[in-house]
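The block underneath contains the structure these notes are about, expressed in structure tokens.
The values are calculated or read from the model by the stated rules, or taken from the named source; none is laboratory data. Not measured: the values here are computed from a predicted model. No Cβ is skipped: glycine too gets one built from the backbone with ideal geometry, and neighbour counts run over all protein chains shown.
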Amino acid sequence: MQHSRTSIGKREPSNINALADEYLLLSYHGLRAKDQSFNSDYKSEFDPAAGNLDVVPQDIGRVVLNLLNNAFYAVNEKKKEMDGAFSPAVWISTKKIADKVEIRVKDNGSGIPESLRDKIFQPFFTTKPTGKGTGLGLSLSYDIIKAHGGNLTIESIENEGTEFTIQLPVG
């Protein structure tokens, strides 16, 4: 149902750095509240030139939150697989590049196999176990970014990690 719903939010000038930072903390502390054993390093690097973007803040926040939740999930799963002999980390950054602002979410989890990368933006596709994911998060995220005139891409190296890049137009 949510996938077919269009946003009713209004575009407004939004500080992209504040929004990214807010959702980083929301994601991390939300996961810690659900699972006391969860722990991960996280780092942020925000370009002051990123400034305000004309976006629907709830929608962009939903995308950033989804990407961060996926990243924290990936590093937590890798930590479990390696019996704790691994230091999980998630990074988020913003950067203004010409007439675009990039938001990058990167993790040092297990990565996404090349054979699955073409499918991850399809509705209902998930690599998570039953009950852990609906397969709608990345599909919805992709649609939201496209509706904002932007782009959402992925780079992933198996056993090293994944990086999602959101590009949004300035103005």
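Taken over segment 84-107, the criterion of being surrounded by fewer than 18 Cβ atoms within 10 Å (Cβ to Cβ) and in contact with an Asp or Glu (Cβ under 8 Å, 6 or more places away or on another chain) is satisfied by SER87, ALA89, LYS95, LYS96. Might you let me know whether segment 67-83 holds any residue that is touching a Gly at 6+ places or on another chain (Cβ under 7 Å), among the β-branched types (Val, Ile, Thr) and either within 25 Å of LEU168 (Cβ to Cβ) or crowded, with 19+ Cβ neighbours inside 10 Å (or both)? Checked against the condition, which is being touching a Gly at 6+ places or on another chain (Cβ under 7 Å), among the β-branched types (Val, Ile, Thr) and either within 25 Å of LEU168 (Cβ to Cβ) or crowded, with 19+ Cβ neighbours inside 10 Å (or both), segment 67-83 yields at least one hit. Taken across segment 135-148, residues that are at pLDDT below 95 and part of a loop (DSSP other than H, G, I, E, B) do occur, with at least one present. Here the condition is being crowded, with 16+ Cβ neighbours inside 10 Å and either of a type in the set (A, V, I, L, M, F, W, C) or part of a strand (DSSP E or B) (or both); of SER156, SER110, it holds for SER156 alone. Test PRO123 against the criterion of being surrounded by 13 or more Cβ atoms within 10 Å (Cβ to Cβ), under 14 Å from ILE60 (Cβ atoms) and either in contact (Cβ under 8 Å) with a residue 24 or more places away in the chain or under 15 Å from the mean Cα position of the chain (by Cα) (or both), and give yes or no. The answer is no for PRO123. Considering SER87, SER141, SER115, the condition of being touching a residue at least 60 places away in the same chain (Cβ under 8 Å) and of a type outside the set (A, V, I, L, M, F, W, C) is satisfied by SER141 alone. Outside any helix (DSSP H, G or I), among the small types (Gly, Ala, Ser) and without any contact (Cβ under 8 Å) to a residue 24 or more places away in the chain - does that describe any residue in segment 26-39? Yes, the conditions are met somewhere in segment 26-39.
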